[in-house]
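A.B. asks: Structure in structure tokens, see below.
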Amino acid sequence: MGGVVGVRPAPVRHDSRRGGPVREGLRGYRLIVGMWIRSTMTYRTSFVLTTVGHAAITLLDFVAIYIMFSHVEALGGFTLPEIALLYGSCSASLGLADMLLGNTDRIGARIRDGSLDTMLVRPVPVLAQVAADRFALRRLGRIGQGLGVMGWAVWTLDVDWTAGKVLLVPGMVLAGAAIFAAVMVTGAAFQFVTGDAAEVQNSFTYGGCTMLQYPPTIFAKDLLRGVTFVVPLAFVNWLPALHVLGRPDPLGLPGWVAYLSPLVAFVVFLPASLAWRAGVRSYRSTGS
Amino acid sequence: MRLYLAVAAGGFRRYATYGTATAAGVFTNTVFGFIVAYTYIALWDERPGLGGYDQAQALTFVWVSQSLLAAGALIGGGFQEELQERIRTGDIAVDLYRPADLQMWWLAADLGRAGFQLLGRGVVPLVAGALAFPLALPVDPLRWLLFLVSVLLALVVSFALRYMVGLVAFWLMDGAGVNIMATVTSIFFSGMLLPLTVFPGGFGEFVRALPWSAMLQVPLDVLLGKHAGAGGAAEALGFQAGWALVLLGTGRLLQSAATRKVVVQGG
């Protein structure tokens, strides 16, 4: 925590010469991230080990799926390369969201030990500070591994590529990351109310990603409706990937919904940012 | 002995204060249980009897695993990070002066923690799973008793491994890299991702002989009645106890090497 002190104070809010709060937030974010990267690099062996470790954790998930496929030809009607596309894309999305603002779930700990107070008086938006908190470059491990598996899937699959489908592949990784990011911000906002409940957020992000790496055909319809219309995780990769693979959506949605992921990502940030504002406003220091 | 019981009770109470965190953990374990259960149904529909389990047994495997994960600290958590922090800051010197054995002290505290998490995070997910899916839970009380003994041995094996991971901080200062590697191995080789009986051929035999198998696979097989009869039970529990002794012993050797290092550094 102490290292944050080293950050040069950013200009005061509403200083019109320096741009709006968004620009200011990004600037603060960049400074804090830079500081954490430098601090991580102090223990280089540990950095390499943790990065490789993060790649290995997710890679072993895929090895488990691979072992499943040593016993079966298809799972829920999907072949291994098809599942690899689902697996790789969601893993890369989650890795990206996790790297950019995954440590928002530490806010519960910061509320408890009172160090959030310090963040509130700094002239950098709290969300930028919370997102950059303990920025973990090692998460590149998961992103790289996810992209690798996805690359193998795209290489192996016999897809009838169109311009739209080509765009969908990188599009779903980015939009998926944004959807996961919105879930993370909402989860962080939730912690203002519940305190120490970071794990609930994990069930939507990590749990969601575990679900999204398997084909939607194996899950109950009600669950699919839930992750399409309530917490729209299906837009992270299921709907775009089904379209790329030329498979129908089990809920019978039309093909064009596959292209809605960026829009959905944009829309889910609305409740997320409202929840965040409400959370910050409701904050009362523990006084410690 | 009374000292260690008090330490264990302290470990139990300490985790019992985190009510919201426990509730959140129960929620997470239940959500994961549902997701994994659906994938297992798809897998066992395709290959009935895979790994020697029928579908109900496979689903039991899923839900009982979810109940044991937090107690066994299979996905991280536990005391090792705290131990590393004490090593890094030098507080460990104080611990070494205490009239208690360092390894036994942490074992007691970790068993207290595990005991709480077995109750706090174990029961509810299992009940949820039993309500939503047809499970093959035994009715024989003796089997449950054997299972609990097996779980206790599993917790000791898990502790013994993590104790060594914690001690590594004496040499590396920052334990984060070693911790994550330890978690990776425990997730894969314990049977948490897929029962170890499903792992193919010689590789399967190899992973079933490793200590991580004693942390999840063996207790589950004891519960599912895969080690039938007195001979079978003795073999399963003996396997766990054997690993527990070997690993605790190795941990002691490592500890004495590490403490000599403390004296050299002067704390």
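A.B. asks: Looking at this structure, is A:Ser115 within 14 Å of chain B (Cβ to nearest Cβ), among the hydroxyl-bearing types (Ser, Thr, Tyr) and over 16 Å from the mean Cα position of the chain (by Cα)? Please lay out each step first, then the result.
C.D. replies: Working: within 14 Å of chain B (Cβ to nearest Cβ): no; among the hydroxyl-bearing types (Ser, Thr, Tyr): yes; over 16 Å from the mean Cα position of the chain (by Cα): yes.
So A:Ser115 fails the test.
A.B. asks: Moving on. Name the residue that is nearest to B:Leu83 (Cα to Cα), counting only residues in region B:179-198 that are facing another protein chain (nearest Cβ under 7 Å) and over 15 Å from the mean Cα position of the chain (by Cα).
C.D. replies: B:Ile180
A.B. asks: Given the criteria in contact with a Ser or Thr (Cβ under 9 Å, 6 or more places away or on another chain), more than 14 Å from every other protein chain (Cβ to nearest Cβ) and buried (at least 16 other Cβ atoms within 10 Å of the Cβ), does A:Leu80 qualify?
C.D. replies: On the way: in contact with a Ser or Thr (Cβ under 9 Å, 6 or more places away or on another chain): yes; more than 14 Å from every other protein chain (Cβ to nearest Cβ): no; buried (at least 16 other Cβ atoms within 10 Å of the Cβ): yes.
Criteria not met by A:Leu80.
A.B. asks: Got a number for residues in region A:32-62 being over 30 Å from B:Phe199 (Cβ atoms) and either within 11 Å of another protein chain (Cβ to nearest Cβ) or more than 21 Å from the chain's Cα centre (by Cα) (or both)? I'd like the intermediate steps shown before the answer.
C.D. replies: Of region A:32-62, the ones over 30 Å from B:Phe199 (Cβ atoms) are A:32-47.
After this cut, where a residue has to be either within 11 Å of another protein chain (Cβ to nearest Cβ) or more than 21 Å from the chain's Cα centre (by Cα) (or both) as well, the list is A:35, A:38-47.
Matching residues across region A:32-62 total 11.
A.B. asks: Counting only residues that are facing another protein chain (nearest Cβ under 7 Å) and not hydrophobic (A, V, I, L, M, F, W, C), which one in region B:25-43 is surrounded by the fewest Cβ atoms within 10 Å (Cβ to Cβ)?
C.D. replies: Among those residues, the one meeting the criterion is B:Tyr38.
A.B. asks: From the list B:Ala130, B:Ala154, B:Ala214, which residue is surrounded by fewer than 20 Cβ atoms within 10 Å (Cβ to Cβ) and at pLDDT 95 or above? Reasoning before the result, please.
C.D. replies: Values: B:Ala154 fails: surrounded by fewer than 20 Cβ atoms within 10 Å (Cβ to Cβ); B:Ala214 fails: surrounded by fewer than 20 Cβ atoms within 10 Å (Cβ to Cβ).
Only one candidate qualifies: B:Ala130.
A.B. asks: Can I ask one more? Against the conditions (1) within 22 Å of the chain's Cα centre (by Cα); (2) away from chain A (no Cβ under 14 Å), where does B:Leu3 fall short? Just the number, please.
C.D. replies: (1)
A.B. asks: Continuing with this model, one more query. Sort through B:Val165, B:Val151 and tell me the only one that's in contact (Cβ under 8 Å) with a residue 60 or more places away in the chain, under 21 Å from the mean Cα position of the chain (by Cα) and within 14 Å of another protein chain (Cβ to nearest Cβ).
C.D. replies: Details: B:Val151 fails: within 14 Å of another protein chain (Cβ to nearest Cβ).
Just one listed residue meets the conditions, B:Val165.
A.B. asks: Residues in region B:43-54: is at least one more than 24 Å from A:Ser70 (Cβ to Cβ), among the hydrophobic types (A, V, I, L, M, F, W, C) and touching a residue at least 40 places away in the same chain (Cβ under 8 Å)?
C.D. replies: Checked against the condition, which is being more than 24 Å from A:Ser70 (Cβ to Cβ), among the hydrophobic types (A, V, I, L, M, F, W, C) and touching a residue at least 40 places away in the same chain (Cβ under 8 Å), region B:43-54 yields no hits at all.
A.B. asks: Those residues that are among the small types (Gly, Ala, Ser) and either assigned to a helix (DSSP H, G or I) or under 22 Å from A:Pro170 (Cβ atoms) (or both), I need them from region A:231-261; list them, please.
C.D. replies: At the first step, the residues of region A:231-261 found to be among the small types (Gly, Ala, Ser) are A:234, A:241, A:246, A:252, A:255, A:258, A:261.
Listed by number, the residues that qualify are A:Ala234, A:Ala241, A:Gly246, A:Gly255, A:Ala258, A:Ser261.
The values are calculated or read from the model by the stated rules, or taken from the named source; none is laboratory data. The structure displayed is predicted, hence computed values, not measured ones. Cβ: placed from backbone, ideal geometry, glycine included. Neighbour counts: every protein chain shown.
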